[in-house]
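Engineer: Structure below; questions to follow.
The values are calculated or read from the model by the stated rules, or taken from the named source; none is laboratory data. What you see is a predicted model, and the numbers here were worked out from it, not measured in a lab. We place every Cβ from the backbone using ideal geometry, glycine too, and count neighbours over all the protein chains shown. Each accessible area value is taken on the protein alone, full model and side chains, heavy atoms only, with ligands, DNA and RNA left out. Shrake-Rupley method; radii C 1.70, N 1.55, O 1.52, S 1.80 Å.
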Amino acid sequence: MWGTGVLKGMAVTIKNFFDTYTSKNGIFTVEYPEKRLPEKERFRNFPILVYDEKPEELRCVACDICAKECPPKCITIVKAKDAQGKPLKQPEVFDIDFTVCMNCGICEETCPFDAIYMDHEFELAEYDRMDALIYKKERLSRPWTHFEKIRPTDAKEINERRAKDATKTAAAVKPAPPQASNQQT
Amino acid sequence: MIQLEEVKAELEKSLGVQTELSGSGLLVPKSRLLDVFKFLKENAKYQMDYISNLCAVDYLKQSQIEIVYHLYSMRNKTGPIGIKVRTDRQDCIVPSATPLFRGAEFQEREAFDLYGVKFEGHTDLRRILMWDGFEGFPMRKDYVHEDEDRYVEHP
Amino acid sequence: MTNTIETQTRPSLSTQQLEVSIGPQHPSTHGVFRMNVVLDGETIVKLKPVMGYLHRNHEQLAENMSWLGSMPYTDRLDYFCSMTNNIAYALAVEKLMGIDVPERAQYIRVIMAELTRLVNHTALVGFLLNDLGAFFTPVLYAFREREKILDLFESVAGSRMMCNYMRFGGVKLDLPDGFVDCAKAIVDNYPPFLEEMERLLTKNEILMARCQNVGILLKDLAVNASVTGPVLRASGVNYDIRKIDKYGIYDRFDFKVPLGTVGDVYDRYYVRILEMRESLKILRQAFKELSAGPVISQKGLIAAKSPRNMKVPAGDAYGRIEAPKGELGFYIVSEGGTKPYRYHVRAPSFINLTILEDMCLGHKVADAIIILGSIDIVLGEVDR
Amino acid sequence: MLDPRFRGSDIKECMENLDQIFVQAKRTVMNLAESVLPQPLVLLVSMLISIGVIAAIGPVIMMYLTWLERKVVGRIQNRIGPNRVGKFGLLQPIADGIKMLTKEDIVPEGADHILHFLSPVLVVVPALLVLGLLPWGRNMAAVDLQVGLLLFFAITSTGTLSIFLGAWGSRNKFSLLGALRAVAQLISYEIPQVFSAVVVIMHTQTISIVEIVNAQPGFNWFVFTPWGFTGLVLFYIASVAECNRTPFDLPEAESEIVAGFHTEYSGMKFALFYMAEFLQVFSLSALAAALFLGGWQGPFLPSWIWFFLKTYGLIFIMLWFRGTFPRLRVDQLMGFAWKFLLPMSMINIVVVGIWTYASPIVAWVLGILIIAISFGVLAKLNTRYHIERNRKFILAE
């Protein structure tokens, strides 16, 4: 009533004004391209396909589960075929439409082969908004080491589980076909 | 918690309305819907003065549309109980609850907009989410999308 | 009261009426909402809300999708509070499926829901002040604190706003290491921030003059018009689903329900501030009682691994929670299949808009803006 | 530019030289002109120099006020503000200027093209004109008119008309609403503004701004008297309203009526509106400084530095307001002008009357008493219906 509330408000703002010069936490913004906030490990953006050694040998076996589970249906998978027309356990086409993908992470969750994961890369831009935003297999593939770098905790867990599974399958099926054991585990 | 059987018996006794249990709600004949609402709202025992939710469900196989109301009593803090009413898909008219519950206004408009349920007695029954010139009722199960390809199941 | 006389139209002073369309492109309609307003001078004589510019038929999308598939879509309903949206949907489906949620997951849900409430109310107070004409200062103070909680969400769920964290029968992942310490620090630092905000706003004469006795919503009308959430409680109706339904484990917490006495914009503002304080209380208790254990039930885990094959028994269920904006309900009908037969969202901000016209009539344009702001709508939820 | 006298070792003399540096500079040019040109032309050159300097300084002031505003408000909001173009973002206004100039100029269909074009021009002219009346330093007023203050108010009040012109010409309902608000507000606040300046006129018995400044030598600023302080506060608040600044920025209330009277303006035309606003901020702050804070009067530092210090101090408060307050409503705004500021400024006139005739002690006591009591009564009466300080809230189970 006497204007005291107004003055108190002004005191708050002027305190914040001087805090930006004196206090360390005064400014809460970060000057982005030069400085960056630390990335959270679970941060998810667009999916990537991981491979162990060679980029051609993706872990993906083209089982189409992620494509079916994907809520906005942004994944297109076509199985590769060998010379006789027999389907192989790898994708011929693996497209993700980044205009449609909503980063929900359900593909990662449902993949039984540890093949698709959500990446941390978020500075993505394209000059064309139609075709260039449909990311092909080649652009999506990343080495497993990349994943180990961005998500060390998860990677450790997955590595342990995969190692355990591998020994289990090796024990169960002695004469395992080489390419199957390599990819299916 | 109010038991639906109890409400059912009470309705039968006081109003002479034959209702049946259906799922989580009480199926009320269309003609007596407003009476039931009025009874539930004004009866000292129930005092269902608050309409929490209203929505339509399209049962294509039975060729019926069901309207589900969830009533709640602010005074007694009981509920919600589901009241359901069924109407024919073609001749889709249901008495409006707006004279009793102002809160049904937008929800009825939504049901009209998406399901084509005409609420008799609603003063301002216009489309609310779709634009005015839109034809058809998009939430009905037999509605054909303009761009069907976007909703195709993955092969 | 003189105030009401002042704001009413005087016949001797009435001029030619002016029809103005506030929105859909307008700085303070919180999105693409539109109000068709008929003005006499600056006084509102008629107001018709127009919505649907952001309509994407969320319900139909969900009906064409696996049960879990629409979980990420619920994030986009009220994009300020994706966590509570997830909880409400999970609750409805769990009710139908009859699966239990493990203890730890219950606590995590409560923590997330209350943090979401903090996020939402903090941001709302800021935006309300923006509607009042403060040049972004309260918004940025609010965002400063909100960011910290969103960072927490990111560390837990992987995303700041589109969390997609709840699963049927639990939550997606366990809390990461150090989460509880971080969250505790934030909760401890919140009261000073709230005090700062209050010093800046609550007793500010301009704010009081602008907000008090504006947009009064009387108790009976509020109940009749199905208003929920802080708006209803500001009108003095004791209706908090956390207290009434005691869903989840809310019966274990000791908290109060703040109620207003007048039902104007000021009450709605202050009830939210008080609610934040209560949320902090709940959070402190939850941190204390949080114990180790599984975060998702076995059945839920299987369902989460293969959502396409998850079947829900036939029947219908209405699950509702006290979302920051009000009663968020999901009415779900299943026919026993892998997809919902009917999926209906009872969106609080949509239904709270029913009464907008009644609140605004006789007030000035500027008041209509703050009344709309005080209802706290999010267009993602209004238009669905 | 360096005067031969500038070799003086005495510090006082040095400061005096610094104080008169611009005056000396002009005198040097004038001496040069006198030796070359005939007498009538010399007068013309003298005028042209003053006009040129003021016309050049106007846009610079405006550009750096935008920068200052963004910096100050940014800091208030815990941000840094502009920091990309140049060091501390100092080149930001230039970048903005280039952007404004290259932007498409949109004239809405159905707008009155002539009015739409004329309005921004007419808004800027008075804002620039009044800069000529300000005493920038000792002997540094471009025009020292005997009726300076009167002319100042006369010129600034024409801005209202051009605002309405532009809004009417844009044929937009938001513009019209904004313009009507602007007219009502600017006319209403002009009265308390002039009334609170009247106290100074009464005391000094002159309406020349330069004379008023001369009447406050050393630290004898009027602000250190009860009526001077009240006058400054009232004048300043009214000035904030005159400049359409927060919390009185109703004519351009962006959350209500989009951008008010300049909703339909873009590019350079919009920038002109902006420029007029900022120039007004500057000139009214400068006037407030001249009337109550002793203008360029002050010890040690050169007079023009004192002038800028005081002016920018007052501008900073305006920016501080902007970073703090929500906006008032139309009826409250009007009520504040007519029911609070106007009676207060009238009472202030009574106080200065007493000040003139009573002995100092009586004048001080009586002045403070009258002002305090009337402030209390007016505040109480004004907020009786609007503000309920201790609202009850229930914490229910």
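Engineer: Tell me, what ³J(HN,Hα) does each residue in the range C:214-227 have, in order and in whole Hz, if you take phi through Karplus 6.51 cos²θ - 1.76 cosθ + 1.60 with θ = phi - 60° and put x for Gly and Pro?
Structural biologist: In residue order, the calculated couplings are 10, x, 5, 10, 6, 3, 5, 5, 4, 5, 5, 8, 6, 5 Hz.
Engineer: Am I reading the A/D interface right? What is its buried accessible area, both sides, 1.4 Å probe, to the nearest 100 Å²?
Structural biologist: Values: alone 13150 and 20890 Å², together 32090 Å².
Heavy-atom accessible area buried at this interface is about 1900 Å².
Engineer: By average Cβ neighbour count within 10 Å, what is the ranking of C:222-232, D:49-59 from highest down? It would help to have the intermediate numbers written out before the result.
Structural biologist: Values: C:222-232: 27.8, D:49-59: 15.2.
Peptide ranking by packing, descending: C:222-232, D:49-59.
Engineer: Which net charge results when you count Lys and Arg as +1 and Asp and Glu as -1 among the other residues whose beta-carbon is under 11 Å from that of D:Thr383?
Structural biologist: On the way: positive: D:Lys339, D:Lys380, D:Arg384, D:Arg389; negative: C:Glu205, D:Glu388.
Overall, the nearby charge balance is +2.
Engineer: In nm, give the distance between the simple-model label positions of D:Arg384 and B:Asn76, each being 7 Å from the Cα along the Cα-to-Cβ direction.
Structural biologist: In this crude label model, D:Arg384 to B:Asn76 measures out at 4.8 nm.
Engineer: Calculate I(q)/I(0) for the protein assembly as shown by the Debye formula, one identical point scatterer on each C-alpha and no solvent, and give its log10 at q = 0.04, 0.08 Å⁻¹ to two decimals.
Structural biologist: Evaluating at q = 0.04, 0.08 Å⁻¹ gives log10 I(q)/I(0) of -0.27, -0.96.
Engineer: Averaging sequence separations of C-alpha pairs under 8 Å and six or more residues apart, then dividing by the length of chain A, give the relative contact order as a whole percent.
Structural biologist: On the way: 236 pairs, mean separation 43.1, N = 185.
Rounded, it is 23 percent for chain A.
Engineer: What is the distance in Å between the Cα centroid of the range D:111-166 and that of the range A:87-163?
Structural biologist: Distance between centres, Cα-based: 64 Å.
Engineer: If the range C:230-350 were replaced by its equivalent ellipsoid, with semi-axes equal to the square roots of 5 times the Cα gyration tensor eigenvalues, what would those be, largest first, whole Å? Intermediate results must be reported in sequence, preceding the final value.
Structural biologist: Values: eigenvalues 214, 89, 21 Å².
One finds semi-axes of 33, 21, 10 Å for the range C:230-350.
Engineer: By its C-alpha gyration tensor, with a ≥ b ≥ c as the square roots of the eigenvalues, how is chain D shaped: rounded for a/c under 1.5, else prolate for a/b larger than b/c, else oblate? If you can, show how the numbers build up before the last one.
Structural biologist: Details: a/c = 1.71, a/b = 1.13, b/c = 1.51.
Taking the square roots of the gyration eigenvalues as a ≥ b ≥ c, chain D is oblate.
Engineer: Where the Cα atoms of chain C are projected onto their three principal axes, how long is each span, largest first, in whole Å?
Structural biologist: 72, 45, 34
Engineer: If you filter the range A:63-138 for GluC sites (Glu not before Pro), then keep DSSP loop positions with at most 16 other Cβ within 10 Å, what is left?
Structural biologist: Numbers: sites: A:Glu69, A:Glu92, A:Glu108, A:Glu109, A:Glu121, A:Glu123, A:Glu126, A:Glu138; in loops: A:Glu121, A:Glu123, A:Glu126.
Answer in residue order: A:Glu121, A:Glu123, A:Glu126.
Engineer: Still on this structure: Go through the range B:23-28 residue by residue and turn each phi into a ³J(HN,Hα) via Karplus (6.51, -1.76, 1.60, θ = phi - 60°); whole Hz please, and just put x for glycine and proline.
Structural biologist: x, 8, x, 10, 7, 10
Engineer: Sticking with this one: Tell me whether the range D:229-341 comes out rounded, prolate or oblate; compute the Cα gyration tensor, take square roots of the eigenvalues as a ≥ b ≥ c, and use a/c under 1.5 as the rounded threshold.
Structural biologist: On the way: a/c = 2.73, a/b = 1.47, b/c = 1.86.
Since a/c reaches 1.5 but b/c is at least a/b, the shape of the range D:229-341 is classed as oblate.
Engineer: Suppose a student asked you for the relative contact order of chain D, using Cα pairs under 8 Å spaced at least 6 residues apart; what percent would you report?
Structural biologist: Details: 559 pairs, mean separation 77.6, N = 397.
The value is 20 percent.
Engineer: What distance in nm separates the simple spin-label points at B:Val144 and B:Glu120, each placed 7 Å from Cα in the Cβ direction?
Structural biologist: 3.3 nm
Engineer: Still on this structure, I have one more. Considering only protein heavy atoms and a probe of 1.4 Å, how much of the accessible area of the protein assembly as shown is carbon and sulfur, as a whole percent? Display every interim value, and only then the final one.
Structural biologist: On the way: 28120 of 45890 Å².
Here it works out to 61 percent.
Engineer: For the Cα atoms of chain C, what angle does the longest principal axis make with the long axis of helix C:365-375, in degrees from 0 to 90, nearest 10?
Structural biologist: 20 degrees
Engineer: Return the lysines within reach of D:Lys99: Cα separation strictly under 22 angstrom, same-chain partners fewer than 8 residues apart disregarded; answer none if there are no such residues.
Structural biologist: Leaving aside lysines fewer than 8 places away in the same chain, those within reach of D:Lys99 are D:Lys71, D:Lys87, D:Lys269.
Engineer: What is the distance, in nm, between label points placed 7 Å from the Cα along the Cα-to-Cβ direction at D:Leu48 and at A:Asp64?
Structural biologist: Rounded to a tenth, the inter-label distance reads 8.6 nm.
Engineer: Report, in degrees rounded to the nearest 10, the 0 to 90 angle that the Cα long axis of helix C:137-157 makes with the longest principal axis of chain C.
Structural biologist: 10 degrees
Engineer: In addition: Given Cα pairs under 8 Å that are at least 6 residues apart, what percent is the relative contact order of chain C? Present the calculation step by step, with values, prior to reporting the outcome.
Structural biologist: Values: 754 pairs, mean separation 102.5, N = 384.
Rounded, it is 27 percent for chain C.
Engineer: OK, next. If you take the charge dipole of chain C about its Cα centre, with +1 on Lys and Arg Cβ and -1 on Asp and Glu Cβ, which of C:Gly300, C:Ile351, C:Gly178 is farthest toward its positive end?
Structural biologist: Final value for the positive-end residue is C:Gly300.
Engineer: In chain B, what % of DSSP beta bridges are antiparallel (nearest 5)?
Structural biologist: Working: 21 of 28 bridges.
Looking only at bridges with both residues in chain B, the antiparallel portion is about 75 percent.
Engineer: Counting heavy atoms of the protein chains only and a 1.4 Å probe, report the per residue accessible area for the range B:4-90 as a whole number of Å². Please list the in-between numbers first.
Structural biologist: Numbers: 3410 Å² over 87 residues.
That works out to 39 Å² per residue.
Engineer: I've got another one for you. Per residue in the range C:280-321, which ones lose no less than 10 Å² of accessible surface when going from chain alone to all protein chains (1.4 Å probe)?
Structural biologist: When all protein chains are present, C:Ala304, C:Lys305, C:Pro307, C:Arg308, C:Asp316, C:Tyr318, C:Arg320 each give up 10 Å² or more of accessible surface.
Engineer: Cα-based Rg (one decimal) and Dmax (whole number) for the range B:4-90, in Å?
Structural biologist: Cα radius of gyration and Dmax of the range B:4-90 are 12.7, 40 Å respectively.
Engineer: Still on this structure: Nearest 5 is fine: what % of DSSP beta bridges in the protein assembly as shown come out antiparallel, could you say? Walk me through the numbers on the way to the answer.
Structural biologist: On the way: 67 of 77 bridges.
If I count the DSSP bridges inside the protein assembly as shown, around 85 percent turn out antiparallel.
Engineer: List, in the order given, every pair from A:Lys68/B:Lys61; B:Lys61/C:Lys305; A:Lys15/A:Lys40 whose Cα-Cα distance in the structure shown is over 30 Å.
Structural biologist: Values: A:Lys68/B:Lys61 27 Å; B:Lys61/C:Lys305 32 Å; A:Lys15/A:Lys40 32 Å.
Check vs 30 Å cut-off fails for B:Lys61/C:Lys305; A:Lys15/A:Lys40.
Engineer: Follow-up. Just add up the charged neighbours of D:His116: K/R +1, D/E -1, any other residue whose Cβ is under 11 Å from the Cβ of D:His116.
Structural biologist: On the way: positive: D:Arg171, D:Lys269; negative: D:Asp105, D:Asp112, D:Glu264.
Here the charged neighbours net out to -1.
Engineer: Taking only Cα atoms, what is the 0 to 90° angle, nearest 10, from helix B:33-42's long axis to the longest principal axis of chain B?
Structural biologist: It is inclined by approximately 50 degrees.
Engineer: While we're looking at this one, here's another question. Tell me, what HN-Hα J-couplings in whole Hz come from the Karplus equation 6.51 cos²θ - 1.76 cosθ + 1.60 at θ = phi - 60° for each residue of the range D:357-363, using x for Gly and Pro?
Structural biologist: 9, 8, 6, x, 5, 4, 4
Engineer: On to the next question. Within 10 Å of each Cβ of A:93-104, how many other protein chain Cβ atoms are there on average?
Structural biologist: Numbers: counts 0, 0, 0, 0, 0, 0, 0, 1, 0, 7, 5, 11.
Other-chain Cβ atoms within 10 Å of each residue's Cβ, averaged: 2.
Engineer: To one decimal place, what Kirkwood hydrodynamic radius in Å is obtained for chain A from all pairs of distinct Cα atoms? Don't skip to the end; give the middle numbers.
Structural biologist: Numbers: mean 1/r = 0.0502 Å⁻¹.
The answer is 19.9 Å.
Engineer: Please return the longest range in chain B lying between exposed loop sites, taking GluC sites (Glu not before Pro), DSSP loop only, at most 15 other beta-carbon atoms within 10 Å, and leaving the sites out. All intermediate terms of the calculation are to be shown ahead of the outcome.
Structural biologist: On the way: sites that count: B:Glu135, B:Glu146, B:Glu153.
In chain B, the maximal stretch lacking such sites is B:1-134.
Engineer: Summing +1 for each Lys or Arg and -1 for each Asp or Glu, what net charge is found among the other residues whose Cβ lies under 13 Å from the Cβ of D:Ser157? Numbers along the way, then the final one.
Structural biologist: Values: positive: none; negative: D:Glu190, D:Glu242.
Its environment carries a net charge of -2.
Engineer: Given C:Lys219/C:Lys256; C:Lys95/C:Lys148; A:Lys54/A:Lys164; A:Lys149/C:Lys172, which pairs have Cα atoms separated by over 24 Å? Before the final figure, lay out each step's value.
Structural biologist: Details: C:Lys219/C:Lys256 19 Å; C:Lys95/C:Lys148 33 Å; A:Lys54/A:Lys164 22 Å; A:Lys149/C:Lys172 22 Å.
With Cα atoms farther than 24 Å apart: C:Lys95/C:Lys148.
Engineer: To continue, here is another question. Suppose every K and R has +1 on its Cβ and every D and E has -1 on its Cβ; what is the size of the dipole of the protein assembly as shown about the Cα centre, in Debye to the nearest 20?
Structural biologist: Details: 123 positive and 126 negative charges, 369 e Å.
Charge dipole of the protein assembly as shown: 1780 debye, to the nearest 20.
Engineer: Summing -39500 (n - 2.57) over the DSSP H runs of n ≥ 4 in the protein assembly as shown and dividing by its residue number, what mean residue ellipticity at 222 nm do you reach, to the nearest 500 deg cm²/dmol? Can you show the working numbers first?
Structural biologist: Values: 42 runs with 551 residues, N = 1121.
Rounded to the nearest 500, it is -15500 deg cm²/dmol.
Engineer: Between A and C, buried accessible area summed over both sides at probe 1.4 Å, in Å² to the nearest 100? Walk me through the intermediate numbers first.
Structural biologist: On the way: alone 13150 and 15780 Å², together 26160 Å².
Heavy-atom accessible area buried at this interface is about 2800 Å².
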